[in-house]
Every structure is written in structure tokens, then in C-alpha cells.
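Visitor: Dropping the structure in here first, questions after.
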Amino acid sequence: MKWSYMRALPLAFIGLAVCHSALADAPKVLLSIRHRHFVPQQLQVPAKTRVEVLVKNEDSIPAEFESADLSREVVVPGKSTVSVYVGPLSAGRYRFFNDFNPAAKGWVVSVPQRSD
Amino acid sequence: MFAAAIIVFREVLEAALIISIVLGASRGIAARGRWVAAGVAAGIAGASIVAASAGVIAQSFSSTGQPLLDATILLIAVAMLSWHNIWMASHGRSLAAEMKALGNDVKTGNRPLTALMVITMMAVMREGSEVVLFLWAIAADGATRLGMLTGGFVGLLAGSLAGVLLYRGLLFIPVRHFFSVTSWLILLLTAGLASEAAGFLNQAGLLPALGQGLWNSSAILSQESAAGRLLHVLIGYTARPSGLQLLFYFVTLFGVYALMRQVGRTARYAQSGPAAKAAGAIPQR
């Protein structure tokens, strides 16, 4: 039993490292939270690609980037930036909102690439 | 102030619903109140630590620290809820019988109580960290935010009250059916939390989505509506589920159900002897 744990643990870490290096290659898009609202409200991302959305909270009050459509939920502390990976998505519109401020909402718009 | 009250109310309600259902499900077990209280205290402490280190967590593991932590908390809750339910499948019957006969609580040892404490702690920690973060930022912002802070505490009280009301409501169910109702509630709750954990594991990049948004029932019931949110907490309703979420949901649902059936059948067999019934003891296999 002991041996299998000792083997499994480093393997798990290697797995994590591989996943993270794959994530690092994802194209980045910026989404700001300014005066408690999302800028831009329509965030274009390429379809069928994993994308890193950098959610930058410019306010001092924390926000929660949440999307039921994308099953994503991340707290963004005040004056900081947090990455959220989304996709690969099929073309379409996906709603997101700030769970700490119901008035703030927006859409991820997934657009097919020319090569598709 | 009203907006702040709603935000905090929603977070507190989620934890309160989970706690009141497990409190109901463990009805009749002596000293469970103290263990749940310990779980709430530990959860608040954990939530404060998570909130205080939110910035650090967000940046760790190449920005996947938050979803990894969420998935871990949820999976611990799933494991404990499953264990609790399987345990109740073998002991619920004798608990109900003893409660009826003696009219008071039954001593069972510490195992189900440990599970109860951990479930409470996880629920409070997950929702509480967001509440702490939200209220803290408002408080730090100065006196102009006093209204929002008051709203936050109103939300906190209202959410807790809703939990108490649900618990009181559950107690109206006749003892004969009580544990089968609560075990179904917990089973659905557990499957829902497993599917939520699947969402976070995908968010962290550990597992593929297996199809993002296999269907979309937002038009029928939006997950952002009050009813949609409530069903999301109680049975894991997701308007646009991924393949991975469905897989986690149904594997948990059928897996735990199969184990409950198995254990329940063994317990019924053991209880058919009058000596076993009197003692309320179930031999371990």
C-alpha cells in the first residue's frame, strides 16, 4: 500500500504540471471590472479553443465572476487579476455575471475561426 | 443595503440548507448538536483563512488554486455525505424504532458524528469564505458602507432563519417515513455537489468537459432565477450541463444508491432476529 502511494503522488504532480503547461499556451483575452461593471460586455473568444480569460478587477470591492452557462465561478479580490480558463467552446453566446453585483452581466461570444 | 442583504442571504442559504438537511437526517443521534456547532465554528475559521488568503490562492497553481480548492472541499463533502447516507441505510431503521420506543436520543459512537461535523465545516467554509470576503471589503471601505454592512448581517440572519425553518419543516414528516425522505434528499444533494466538483475540476484544467453544454434548458428554468438557484443547491440542477458533470452526477447517484441498498439489505437481515432488534446492534461484515 505504502509503495503505491509513494508512486501515485509524484505521478499526480507530473499530471498537474503537464495540464498546467498545456494551459499556459491558451490565447489570452482581457475582461475588466470597472465601477462594478464588466468591460467589454461582449467578450469575443475563438471557438473550439481553450482560452485564458484574465479577469481584472479595477475596483477595491471584490467581485465574483460567475457563469452558469460555462460552469465557472471565481472570486476576484479588489485591485487584482485572476485567470479563468474557458472552452473549448462551440460557437455561441454564454452568459456571465458578477455574483456580488447582480446588475453586472455580460456575454462570452464564441466565434468560429476561418480555418474551421 | 438591499442588494448586500440578497447576496449574503443567497450564500448563507446554500450552507444552511445543507446543514439543516444533514441535521434532519441524523435526527435521534445523541450529541449531534454539539458536533454540528463545532463544524460551524471550524467552518467559519476556515472561511476566514480562505478569505484572508484569497489573493494568494487565486495566483497559486498557475491561477487554478481557487477551482482546485473548491473541488477539494466539494469532494470531501461528497465523500462524507455518501458515508453518512450509507451508514444511515443500516442504522436508520433501528434509530427510528428506538426513538419511537424510548422517545429520546440514541448513542451511536462517534463515526457518523465526525462525518456530520466535516460536512458542516465544508458547507460553511465554501459559502462562508465568499461572505467574509464580501463583508470585509465593505467594512474596510469606511462608514459610507454602513448600510451595506447592515444589509449583509440582515442577509446572514435571514439565511440562517431559512435553514431553521427547513429543519422544522422536515420534523413534520412522520418518523416512519422520515429517514427515507432525508436519505433521498441527501442522495440528490450529494450527486449535485459531485457535479459541481466536476465543473471545478474542468475549470482547473484537470479533466476534459466531455462536451460543453450538452443541452440548454435555460428557457424553461434559468439557473439564475430563484427557483433555478434553489434547485441547483438541492438537486444540482444545471441548465447547460457538460458531459463530465452528467457523468459525475449519475455515477454518484447510482453508486451511492447501490451501496445503500446493499448495506440496508444486510442490516434488515441482521435485524430480523429479536435479540439484534432489542440491542439495536448490527454486526459488521
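Visitor: If you check B:Gly155, B:Gly151, which single one turns out to be modelled with pLDDT of 90 or more and either closer than 25 Å to B:Ala54 by Cα or basic (Lys, Arg) (or both)? Working first, answer last.
Guide: Working: B:Gly151 fails: modelled with pLDDT of 90 or more.
Criteria check complete, one pass: B:Gly155.
Visitor: How many residues are small (Gly, Ala, Ser) and modelled with pLDDT of 85 or more when one looks only at region B:73-106? Talk me through it step by step, then tell me what you get.
Guide: Here is the first cut: in region B:73-106, the ones small (Gly, Ala, Ser) are B:77, B:79, B:82, B:89-90, B:92, B:94, B:96-97, B:101, B:103.
Narrowing the set further to residues that are modelled with pLDDT of 85 or more leaves B:77, B:79, B:82, B:89.
Adding up the residues that qualify gives 4.
Visitor: Follow-up question, since we're still on this one. For region A:73-84, state whether one or more residues are surrounded by fewer than 22 Cβ atoms within 10 Å (Cβ to Cβ), more than 7 Å from chain B (Cβ to nearest Cβ), closer than 17 Å to B:Leu201 by Cβ and of a type outside the set (Val, Ile, Thr).
Guide: Taking every residue of region A:73-84 in turn, at least one turns out to be surrounded by fewer than 22 Cβ atoms within 10 Å (Cβ to Cβ), more than 7 Å from chain B (Cβ to nearest Cβ), closer than 17 Å to B:Leu201 by Cβ and of a type outside the set (Val, Ile, Thr).
Visitor: Return the residue satisfying two criteria in turn: it lies in region B:55-89 and is touching a residue at least 40 places away in the same chain (Cβ under 8 Å) and over 21 Å from the mean Cα position of the chain (by Cα), and of such residues it is surrounded by the most Cβ atoms within 10 Å (Cβ to Cβ).
Guide: The selected residue is B:Thr64.
To keep it simple, each residue is scored yes or no on (1) of a type in the set (D, E, K, R); (2) farther than 21 Å from B:Ser218 by Cα; (3) within 7 Å of chain B (Cβ to nearest Cβ); (4) in contact (Cβ under 8 Å) with a residue 60 or more places away in the chain.
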site: A:Lys28; (1), (2), (3), (4): yes, yes, no, no
site: A:Pro46; (1), (2), (3), (4): no, yes, no, yes
site: A:Leu54; (1), (2), (3), (4): no, yes, no, no
site: A:Glu58; (1), (2), (3), (4): yes, yes, no, no
site: A:Ile61; (1), (2), (3), (4): no, yes, yes, no
site: A:Lys105; (1), (2), (3), (4): yes, no, no, yes
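Visitor: Hey, A:Pro112 hits all of (1) within 11 Å of chain B (Cβ to nearest Cβ); (2) at pLDDT 80 or above; (3) exposed (fewer than 13 other Cβ atoms within 10 Å of the Cβ) but one; which does it fall short on?
Guide: With respect to (1) within 11 Å of chain B (Cβ to nearest Cβ); (2) at pLDDT 80 or above; (3) exposed (fewer than 13 other Cβ atoms within 10 Å of the Cβ), A:Pro112 is out only on (1).
Visitor: Next up: Right, B:Leu259: surrounded by fewer than 17 Cβ atoms within 10 Å (Cβ to Cβ) and of a type outside the set (Lys, Arg) or not? Before the answer, list the steps.
Guide: Values: surrounded by fewer than 17 Cβ atoms within 10 Å (Cβ to Cβ): yes; of a type outside the set (Lys, Arg): yes.
So B:Leu259 passes the test.
Visitor: Something else about it: Taking region B:90-119, which residues are assigned to a loop (DSSP other than H, G, I, E, B) and crowded, with 19+ Cβ neighbours inside 10 Å?
Guide: Our first condition is that a residue be assigned to a loop (DSSP other than H, G, I, E, B); within region B:90-119, this holds for B:103-105, B:107-110.
Passing the criteria: only B:Thr108.
Visitor: In region B:54-90, which residues are more than 9 Å from every other protein chain (Cβ to nearest Cβ) and farther than 21 Å from B:Asn202 by Cβ?
Guide: Correct list: B:Val56, B:Met80, B:Leu81, B:Ser82, B:Trp83, B:His84, B:Asn85, B:Ile86, B:Trp87, B:Met88, B:Ala89, B:Ser90.
Visitor: When the residues of region B:32-54 are filtered to those that are buried (at least 16 other Cβ atoms within 10 Å of the Cβ) and of a type in the set (Gly, Ala, Ser), which remaining residue is farthest from the chain's Cα centre (by Cα)? Break it down stepwise before answering.
Guide: Filtering region B:32-54 for residues buried (at least 16 other Cβ atoms within 10 Å of the Cβ) gives B:32, B:35-36, B:39-40, B:42-44, B:46-48, B:50-51, B:54.
Still in the running and of a type in the set (Gly, Ala, Ser): B:39, B:42-43, B:46-48, B:51, B:54.
Details: B:Gly39: 12, B:Ala42: 15, B:Gly43: 13, B:Gly46: 16, B:Ala47: 16, B:Ser48: 19, B:Ala51: 20, B:Ala54: 22 Å.
Of everything passing the filter in region B:32-54, B:Ala54 is farthest from the chain's Cα centre (by Cα).
Visitor: Considering only region B:210-223, how many residues are of a type outside the set (A, V, I, L, M, F, W, C) and either surrounded by fewer than 18 Cβ atoms within 10 Å (Cβ to Cβ) or more than 8 Å from chain A (Cβ to nearest Cβ) (or both)?
Guide: So in region B:210-223, the residues of a type outside the set (A, V, I, L, M, F, W, C) come out as B:211-213, B:216-218, B:222-223.
With the extra rule that they be either surrounded by fewer than 18 Cβ atoms within 10 Å (Cβ to Cβ) or more than 8 Å from chain A (Cβ to nearest Cβ) (or both), the set shrinks to B:211, B:216-218, B:222.
Matching residues across region B:210-223 total 5.
Visitor: When both residues are 6+ apart or on different chains and their Cβ atoms are under 8 Å apart, which pairs have a first residue that lies in region B:215-240 and is on the phi < 0 side of the Ramachandran plot, and a second that is surrounded by 18 or more Cβ atoms within 10 Å (Cβ to Cβ) and among the β-branched types (Val, Ile, Thr)?
Guide: From region B:215-240, the pairs are B:Gln223/B:Thr238; B:His232/B:Thr238; B:Val233/B:Ile18.
Visitor: Can you name the residue in region A:88-105 that is closer than 26 Å to B:Leu210 by Cβ and part of a strand (DSSP E or B) and is also nearest to the chain's Cα centre (by Cα) among such residues?
Guide: Going through the qualifying residues, I end up with A:Phe96.
Visitor: Where residues in region B:105-140 are free of Cβ contacts under 8 Å to residues at least 40 places away in the same chain and small (Gly, Ala, Ser), which of them is nearest to the other protein chains (Cβ to nearest Cβ)?
Guide: It comes out as B:Ala137.
Visitor: Okay, moving on. I'd like to check something: does region A:1-23 contain any residue that is touching a Ser or Thr at 6+ places or on another chain (Cβ under 9 Å) and at pLDDT 65 or above?
Guide: The answer is no, given that none of the residues of region A:1-23 is touching a Ser or Thr at 6+ places or on another chain (Cβ under 9 Å) and at pLDDT 65 or above.
Visitor: Determine whether A:Ala68 is buried (at least 18 other Cβ atoms within 10 Å of the Cβ) and either more than 9 Å from every other protein chain (Cβ to nearest Cβ) or β-branched (Val, Ile, Thr) (or both).
Guide: Values: buried (at least 18 other Cβ atoms within 10 Å of the Cβ): yes; either more than 9 Å from every other protein chain (Cβ to nearest Cβ) or β-branched (Val, Ile, Thr) (or both): no.
Against the criterion (buried (at least 18 other Cβ atoms within 10 Å of the Cβ) and either more than 9 Å from every other protein chain (Cβ to nearest Cβ) or β-branched (Val, Ile, Thr) (or both)), A:Ala68 does not qualify.
Visitor: Which of the following residues is in contact with a helix residue (DSSP H, G or I) (Cβ under 6 Å, 6 or more places away or on another chain), over 26 Å from A:Gly87 (Cα atoms) and surrounded by 15 or more Cβ atoms within 10 Å (Cβ to Cβ): B:Leu185, B:Leu207, B:Leu201, B:Leu230?
Guide: Being in contact with a helix residue (DSSP H, G or I) (Cβ under 6 Å, 6 or more places away or on another chain), over 26 Å from A:Gly87 (Cα atoms) and surrounded by 15 or more Cβ atoms within 10 Å (Cβ to Cβ) holds for just one of B:Leu185, B:Leu207, B:Leu201, B:Leu230, which is B:Leu185.
Visitor: Let me confirm something: among A:Val39, A:Val76, which residue is free of Cβ contacts under 8 Å to residues at least 60 places away in the same chain, aliphatic (A, V, I, L, M) and over 27 Å from B:Gln245 (Cα atoms)?
Guide: Working: A:Val76 fails: over 27 Å from B:Gln245 (Cα atoms).
Answer to the check: A:Val39.
The values are calculated or read from the model by the stated rules, or taken from the named source; none is laboratory data. Model, not experiment: these values are computed from the prediction. Here the Cβ is made from the backbone with ideal geometry for all residues, glycine too, and neighbour counts use every protein chain on show.
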